[in-house]
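Written out below as structure tokens is the structure these notes cover.
Here, each number is a calculation from the coordinates, and none is a lab measurement. A quick note: this is a predicted structure, and the numbers were derived from the prediction, not measured. As a convention, Cβ positions derive from the backbone with ideal geometry for all residues, glycine included, and neighbour counts pool all protein chains shown.
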Amino acid sequence: MDNSPQNENLIVSLHGKVDRLNADVRLLIEQNLKDYYSPREVGEKTGFTKRMILNYCNDGTIKAEKVGNSWRIPRAEYLSFTESKSSTQMNSSDG
């Protein structure tokens with residue numbers, strides 16, 4: 001096997017890329033396994049402001065749980081809301 005500096009540099013570079021990919025995969029898995037989302041997270045996904053998401057929580061449009069001073073949005077509600085808002089936005093751009 002060729003142990004030239006070029007091959008060693010290539011191996012080191014590939015190990016670094018694999019490590020970054022593993023970190024990205026772990027992050028994606030953690031995000032998909034969350035049981036609850038914050039209003040900020042829902043806002044970022046839908047393009048709404050955090051304030052608008054808080055208003056939706058307060059008026060019941062988003063069925064969330066208040067814990068102390070914070071809202072927690074269950075995964076199923078998060079998915080339902082983001083799906084309904086993305087399909088509404090796509091439909092409104094059609095016409």
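How far is it, in nm, from the label point at residue 63 to the one at residue 18 when both lie 7 Å from their Cα along the line to the Cβ?
For residue 63 paired with residue 18, the spin-label model returns 4.6 nm.
Step through the residues of segment 74-82 one at a time and calculate ³J(HN,Hα) from phi using the Karplus curve (6.51 cos²θ - 1.76 cosθ + 1.60, θ = phi - 60°), rounding each to whole Hz and writing x for Gly and Pro.
x, 3, 4, 5, 4, 5, 4, 5, 5
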